[in-house]
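Presented below is the structure to which this report refers.
The values are calculated or read from the model by the stated rules, or taken from the named source; none is laboratory data. These numbers come from a predicted model, not from an experiment. With ideal geometry, Cβ positions are generated from the backbone for all residues, glycine too; neighbour counts draw on all protein chains shown.
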Amino acid sequence: MKKTEVIPAMDLINRHCVRLRQGDFAQRTDYASDPVAVAKQFEAAGFRRLHMVDLDGARAGKPQHLHILQQVAAETSLIIDFSGGIKTYEDIEAVFEAGAAMAAIGSVAVKDMPLFFKWLEKYGPEKILLGVDVRHEKLAINGWLEQTEIGLFEFLGEMTRAGVQQVFCTDIGRDGLLTGPSTDLYQRVLAQFPGLRLIASGGVSQPNDLVELTEIGCAGAIVGKAIYEDFENLTIWL
């Protein structure tokens with residue numbers, strides 16, 4: 001059984017690495033003012049992946065931290081997925097040109113499904129990482145600021161039929177609380193979509209949380225606050 005891969009999160013506001021509590025911009029903790037240095041530390045510790053979230057871009061509706069993406073891509077060999085404000089062909093092209101291996105797309109897949117499907121066809125499922133953020137199994141979009149009535153399982157059915165192969169799913173109610181991941185939810189997702197490459201996000205608090213995620217078949221786990229709160233001990237996650 002392949003171990004669930006830990007993917008450090010890098011959430012950016014005004015060039016700072018931050019974490020939000022349950023997606024609330026008013027409940028923000030700043031951790032570092034040099035994202036490139038943080039990324040280099042991740043790489044030096046042995047991580048292969050990086051989940052970069054442009055929170056300013058999510059609010060503005062257009063990426064705001066492409067320069068940081070470009071720097072991290074140029075100065076590390078991390079495999080970066082980038083999200084936040086990707087709304088147009090110009091945006092997604094800029095993200096790939098800046099060095100992202102994958103564009104993580106959430107809101108567009110909900111609000112402009114035909115455009116998302118065109119991107120999926122043009123770039124291929126290996127370069128498109130679908131992001132689904134949920135409260136009580138209903139989707140939230142636009143940086144978690146807009147709640148919808150769209151059900152998670154119905155939505156994933158439509159996406160997988162269109163060719164989506166990889167998804168990260170965030171349970172907003174657990175994000176930033178260190179209360180453990182939504183293992184039951186992820187298990188039900190994988191039972192219904194067994195071929196899906198599912199990445200868990202939200203709530204992971206300790207390396208032991210990865211055991212259950214590995215057992216149910218999660219390919220990866222995005223870890224944010226738990227890593228930043230004990231940054232001197234990065235290697236415990238590997």
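The table below lists the values:
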| read-out | value |
| --- | --- |
| From Glu126, Glu137, residue being in contact with a Phe, Trp or Tyr (Cβ under 8 Å, 6 or more places away or on another chain) and among the acidic types (Asp, Glu) | Glu137 |
| Test: residue in region 213-224 that is more than 19 Å from Gly46 (Cβ to Cβ) and assigned to a loop (DSSP other than H, G, I, E, B) | yes |
| Elements of type helices (runs of 4 or more DSSP H) in region 71-136, at least 1 residues being in contact with an Asp or Glu (Cβ under 9 Å, 6 or more places away or on another chain) | 107-111, 113-123 |
| Residues located in region 47-70, provided they are part of a loop (DSSP other than H, G, I, E, B) and farther than 20 Å from Thr170 by Cβ | Arg48, Lys62, Gln64 |
| Region 177-202: number of residues that are among the charged types (D, E, K, R) and assigned to a strand (DSSP E or B) | 1 |
| Unique residue being of a type outside the set (Phe, Trp, Tyr), within 17 Å of the chain's Cα centre (by Cα) and surrounded by fewer than 18 Cβ atoms within 10 Å (Cβ to Cβ) when the list is Gln71, Gln147, Gln165 | Gln165 |
| Pick from region 26-39, criterion touching a strand residue (DSSP E or B) at 6+ places or on another chain (Cβ under 8 Å) and part of a strand (DSSP E or B), ranking: farthest from Thr235 (Cα to Cα) | Gln27 |
| Among residues of region 84-101, those that are crowded, with 21+ Cβ neighbours inside 10 Å and at pLDDT 95 or above, counted | 4 |
| Condition check for Phe42: surrounded by 20 or more Cβ atoms within 10 Å (Cβ to Cβ), in contact (Cβ under 8 Å) with a residue 40 or more places away in the chain, in a loop (DSSP other than H, G, I, E, B) and not β-branched (Val, Ile, Thr) | no |
| Residues satisfying the stated conditions in region 11-34, i.e. more than 16 Å from Lys225 (Cβ to Cβ) and touching a residue at least 24 places away in the same chain (Cβ under 8 Å) | Asn14, Arg15 |
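A quick yes/no check of all residues on (1) out of contact with any Phe, Trp or Tyr (no Cβ under 9 Å at 6 or more places or on another chain); (2) surrounded by fewer than 17 Cβ atoms within 10 Å (Cβ to Cβ); (3) over 13 Å from Val6 (Cα atoms); (4) not basic (Lys, Arg):
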{"residue": "Ala200", "(1), (2), (3), (4)": "no, no, no, yes"}
{"residue": "Pro207", "(1), (2), (3), (4)": "no, yes, no, yes"}
{"residue": "Thr214", "(1), (2), (3), (4)": "yes, yes, no, yes"}
{"residue": "Ala219", "(1), (2), (3), (4)": "yes, no, no, yes"}
